[in-house]
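Below is one structure, written out as structure tokens, with a few remarks after it.
Any read-out appearing in this document is the output of simple, stated calculations on the displayed coordinates, not a laboratory observation. Quick caveat, the model's predicted, so the values are computed rather than measured. Here Cβ is always computed from backbone atoms with ideal geometry, including for glycine, and neighbour counts include all displayed protein chains.
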Amino acid sequence: MQQDFDFVIIGAGAAGLTAAQYGARANLKTAVIESGTKGGQALLINELENYPGIFPAVNGFEFAQTMQNQAQTFGAQFFSGKVQSVDKCKGLFVIKTEKDQFTAKALLLATGAKHRSLGIPGESELAGRGVSYCATCDGPFFKNKPMVVIGGGDAACDEANFLANLSDCVYLVHRRETLRAQAAVAERALKNPHIKPMLNKIPVKIEGTSKVEAILLKDTQTGEETRLETAAVFIFVGMEPQNELIEMAHRDANGYIITDENMMTSIAGLFCAGDLRAKPFRQVVTAAADGAYAAHGAELYIQQTK
Ligand code: NAP
């Protein structure tokens, strides 16, 4: 069945949900299509503590639920489904999922980015059996056991702090001398007595038969190998853009989509917001701001092309 909208948004993370609210409030007939749980990366945040005006911290899942309720209250419609294709035909975007077809005068891609994997032996074999990409989801399974976190960015430090509430032995393994995370986030991890930094170390192999038993690390300076016994390996080594749906829009060398200040891509009427967009700082608050700009840009675009 085909349904016609002014503004269709693919992806219901912080960017998509904000755009939905702004689009609906601007009286655009607005639809949001999402294949998974609504909320995007915010769902993985145990305590969202740096969103202005939300204090004390809230759980990421509850935050996303509130955003969705807010958008629905203003009239945005939500659909579940995986988008198979996006085409532009006679000025209208045609979006197909497995069972539905939508048209849109303006389209927003807010599909975000997905976790990067290490590609070392044991990682895929032991995924779900101690290898995880979500501390909030899986950390409680390894309560009071040694755990390893890989990465030196905000995600690794934040998640190591979360896991340090569950275990007094959390190794934070990073391949450089200093952490890449924002100063306050890195400092909190380094000061946590339950977190043991393992710097200048790269993971070489995750060991275990039916579940994770150990990880092998190699020192980047001496080449020396260390075997750490652990029940779990949490991997936070960055994200990759989910850009498959728009091969024709301009992107940067890493695959992130380039937009103008109204979030419009190189294709007229096609907008991009959130973690998928080429930008220097990926946060819930910057995703939400992108979403607001994109809805405003879509409104202007629709007016101008009437
Ligand atoms: P990130 O900032 O790109 O950090 C990825 C980390 O993984 C880097 O330290 C990198 O090392 C390391 N790494 C990459 N590939 C590796 C490999 N093959 N082996 C070992 N280590 C590897 O990614 P992120 O931490 O997932 O954060 C993504 C975005 O979300 C960032 O913009 C971040 O600011 C944002 N975020 C913010 C918060 C917050 O504000 N609290 C929380 C989570 C995420 P190098 O340092 O050597 O490159």
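Within the chain, the cysteines lacking any other cysteine Cβ closer than 4.7 Å to their own Cβ are C89, C157, C169, C272. Charge dipole of region 85-202 (Cα centre as origin; +1 on each Lys and Arg Cβ, -1 on each Asp and Glu Cβ, all else neutral): 260 debye, rounded to the nearest 20.
Remark on A232: its backbone amide H falls under 5 Å from those of V148, a criterion applied only to residues 5 or more positions apart or on other chains, H modelled at 1.01 Å from N. The slack between S124 and E247, meaning 0.36 nm per residue of separation minus the straight C-alpha distance, is 41.5 nm.
Placing unit charges on C-beta atoms (Lys and Arg positive, Asp and Glu negative, everything else neutral), compute the dipole magnitude of region 15-114 about its Cα centre in debye, rounded to 20. Working shown, then result.
Details: 10 positive and 7 negative charges, 115 e Å.
That gives a dipole near 560 debye.
All Cα-Cα distances of region 74-165, cut into 10 Å bins from zero to the largest, leave 12, 30, 19, 24, 14, 2, 0 percent in each bin in turn.
With the convex hull constructed from alpha-carbon coordinates only, region 177-306 shows a mean projected area of 11.7 nm² over all directions.
Remark: for residue pairs K143/K211; K114/K205; K38/K143; K82/K306, the C-alpha separation exceeds 19 Å in K114/K205; K38/K143; K82/K306. Local charge for A231 was computed over the other residues whose Cβ lies under 11 Å away, with Lys and Arg +1 and Asp and Glu -1, and equals +1.
Here region 1-134 is treated as a sphere whose radius is the Kirkwood value from Cα pairs; by Stokes-Einstein at 25 °C and 0.890 mPa s it diffuses with a coefficient of 151 µm²/s. Listed by chain and number, the aspartates and glutamates placed with their C-alpha closer than 18 angstrom to that of K96 are D4, D6, E34, D87, E244, E247; residues fewer than eight positions away on the same chain are left out. Scaled against the 2.2 N^0.38 Å expected of a compact globular protein of N residues, the Cα radius of gyration of region 167-214 reads 1.33. Quick note on region 206-256: its Rg to Rh ratio, both from C-alpha atoms and Rh being the Kirkwood radius, is 1.24. Of the options N50, V86, P140, report the single residue whose Cα projects farthest towards the positive end of the charge dipole of the chain (beta-carbon charges: Lys, Arg +1; Asp, Glu -1). Towards the positive end, the residue furthest out is V86.
Among K82, K99, K205, the largest mean-square fluctuation in a Gaussian network model of the chain (Cα springs under 10 Å) belongs to K99. Ranking L107, G75, T37 by Cα position along the charge dipole of region 1-109, where only Lys, Arg, Asp and Glu carry charges on their C-beta atoms, puts L107 farthest toward the positive end.
Which residues make up the longest stretch of the chain clear of GluC sites (Glu not before Pro) that lie in a DSSP loop with no more than 13 other Cβ atoms within 10 Å, not counting the sites? Longest gap between qualifying sites, sites excluded: 126-176. The order of F74, F234, F63, F141, going from fewest to most other C-beta atoms within 10 Å of their C-beta, is F141, F74, F63, F234.
Taking every eigenvalue of the Cα gyration tensor of region 116-204, multiplying by 5 and rooting it, what semi-axes result, largest first, whole Å?
Values: eigenvalues 74, 53, 23 Å².
Its equivalent ellipsoid spans semi-axes of 19, 16, 11 Å.
Ranked by Cβ crowding within 10 angstrom, fewest neighbours first, how are C169, C272 ordered? If you can, show how the numbers build up before the last one.
Working: C169 18, C272 29.
Arranged by neighbour count, lowest to highest, C169, C272 become C169, C272.
Using the rule -39500 (n - 2.57) for each DSSP H run of four or more residues, divided by the residues of the chain, the 222 nm mean residue ellipticity is -7000 deg cm²/dmol.
Here the residues F281, F102, ranked from fewest to most Cβ neighbours within 10 Å of their Cβ, fall in the order F281, F102.
Applying 1/(1 + (r/R0)^6) with r as the Cβ-Cβ distance of D260 and E229 and R0 = 51 angstrom yields a FRET efficiency of 0.50. Amide H to amide H distances under 5 Å link G39 with A12, G13, where only residues 5 or more positions off or on other chains count and H is placed in the peptide plane.
Our Cα-only numbers for region 243-306 put the radius of gyration and Dmax at 11.5, 35 Å. Among beta bridges from DSSP that stay inside region 63-199, the antiparallel ones total about 55%. Farthest toward the positive end of the dipole of region 188-306, out of L216, Q304, A189, is the Cα of A189, where the dipole comes from beta carbon charges about the Cα centre.
Beta-bridge orientation, the chain: approximately 45 percent antiparallel, per DSSP, counting only bridges with both partners inside. Taking every Cα-Cα distance in the chain and sorting them into 10 Å bins starting at zero, the pair-distance distribution P(r) comes out as 6, 26, 29, 21, 13, 4, 0 percent. About its Cα centre, the dipole of the chain is roughly 240 debye, where the only charges are +1 on Lys and Arg Cβ and -1 on Asp and Glu Cβ. Amide H to amide H distances under 5 Å link E207 with E213, A214, I215, L216, where only residues 5 or more positions off or on other chains count and H is placed in the peptide plane.
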